[in-house]
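Enquirer: Shown below is the structure under consideration.
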Amino acid sequence: MSLPTSFGLLLLGLFVLPVLVSGCLPDGRNGVPWYEARRDPTGLAPDPATTPEAVVQVYAARAVSWRGIFSVHTWIAVKPTGAQRYTRYEVLGFGVANGAPAVRVDRTGPDNYWFGSRPQIIRDRRGPGIDAIVDKIRAAVARYPYPHEYRAWPGPNSNTFTAYVAREVPELGLDLPSNAVGKDFLPGGALFATAPSGSGFQVSLYGLAGVLLAVDEGLEVNVLGLNIGVDAAVPALKLPAIGRVGLDR
């Protein structure tokens, strides 16, 4: 077998095998149809009654139905200093074809189960200086260029939205999961952009092919919306569908 053929098979395996493994993993919904799955609060967001400081949290949970094999769904929750409630920002595809907006505000609480999938906090910022970040996030949400558009693949979708806000607010320092399909779809057909974390740069062709190199994200290679990569600073592999395998940031 020639070296190019061997390399091609290895590359194919690195993209295909993680997807197959992800399809075999339990999704936490225990066979309950997604539309009947729990959507109650998880308690991950600090209680505003006992947490007067400003809070910004970014969440990720396995996407609904078959999409959960490939990707997570992400959203942003913010609370200014002294506020008695959070505001949750996200993009959803439900109803967009019938005229509903893609950007939704406060559809549920800040930390609720995502149709049976328990979310994880992927960024938590709070305390002094966070009110300014909250203001910038709100302004970025208002500027999002696809408020009435949604396409699960390659974007614009929920992860396109979160990545856009992160690029507009680099102070947030958000390292999105490698299995957040759609995060590499750059608005306006742009080929170059800063990484969502603000610590590097990326090249992307409509979210279908590209390379990202950044201090926080490490190196990621995107093929058809699936990312494989390595984080050398905090050692970990980044695999399609599965996400990060290694030390947590």
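The values are calculated or read from the model by the stated rules, or taken from the named source; none is laboratory data. Computed from a prediction, not measured in an experiment: that's the story for all the values here. Backbone-built Cβ (ideal geometry, glycine too); neighbour counts: all protein chains shown.
Enquirer: Are any residues in region 176-200 surrounded by fewer than 24 Cβ atoms within 10 Å (Cβ to Cβ) and in contact with a Lys or Arg (Cβ under 8 Å, 6 or more places away or on another chain), and if so, which ones?
Expert: Filtering region 176-200 for residues surrounded by fewer than 24 Cβ atoms within 10 Å (Cβ to Cβ) gives 177, 186-194, 197-200.
The answer is Pro177, Ala193, Thr194, Gly198.
Enquirer: Test each condition in (1) at pLDDT below 95; (2) outside any loop (DSSP other than H, G, I, E, B) for Val78 and report the one that comes out false.
Expert: Only one criterion in (1) at pLDDT below 95; (2) outside any loop (DSSP other than H, G, I, E, B) is unmet by Val78, namely (1).
Enquirer: Could I ask something else about it? Could you grab me the full set of residues in region 91-131 that are touching an Asp or Glu at 6+ places or on another chain (Cβ under 7 Å) and of a type in the set (Gly, Ala, Ser)?
Expert: Correct list: Ala102, Ser117, Gly127.
Enquirer: Filter region 225-249 for residues that are in contact (Cβ under 8 Å) with a residue 24 or more places away in the chain and not in a strand (DSSP E or B); which is surrounded by the fewest Cβ atoms within 10 Å (Cβ to Cβ)?
Expert: Here the residue is Arg249.
Enquirer: Scan region 157-195 for residues that are touching a helix residue (DSSP H, G or I) at 6+ places or on another chain (Cβ under 7 Å), of a type outside the set (Asp, Glu) and farther than 13 Å from Thr74 by Cα and report the count.
Expert: 6
Enquirer: Next question, about the same structure. When you scan region 81-89, do you find a residue that is within 17 Å of Tyr150 (Cα to Cα), surrounded by fewer than 16 Cβ atoms within 10 Å (Cβ to Cβ) and without any contact (Cβ under 8 Å) to a residue 60 or more places away in the chain, even just one?
Expert: So far as region 81-89 goes, no, none of its residues is within 17 Å of Tyr150 (Cα to Cα), surrounded by fewer than 16 Cβ atoms within 10 Å (Cβ to Cβ) and without any contact (Cβ under 8 Å) to a residue 60 or more places away in the chain.
Enquirer: Here's a follow-up. So, Pro196, is that one within 14 Å of the chain's Cα centre (by Cα) and within 28 Å of Pro26 (Cα to Cα) or not?
Expert: Working: within 14 Å of the chain's Cα centre (by Cα): yes; within 28 Å of Pro26 (Cα to Cα): no.
No, not satisfied.
Enquirer: A further question on this structure: Collect the residues in region 74-110 that are out of contact with any Lys or Arg (no Cβ under 9 Å at 6 or more places or on another chain) and at positive phi, keeping them in residue-number order.
Expert: Correct list: Gly82, Gly95, Gly99.
Enquirer: Look at region 218-233 and say how many of its residues are of a type in the set (S, T, N, Q) and closer than 13 Å to Ser71 by Cα.
Expert: 1
Enquirer: Identify, please: which residue in region 213-224 is assigned to a loop (DSSP other than H, G, I, E, B) and not acidic (Asp, Glu) and is, among those, nearest to Gly182 (Cα to Cα)? Break it down into steps so the answer makes sense when it comes.
Expert: Initially, region 213-224 is screened for residues assigned to a loop (DSSP other than H, G, I, E, B), giving 215-217, 224.
With not acidic (Asp, Glu) added as a condition, the list becomes 215, 224.
On the way: Val215: 21, Leu224: 10 Å.
Among them, the one singled out is Leu224.
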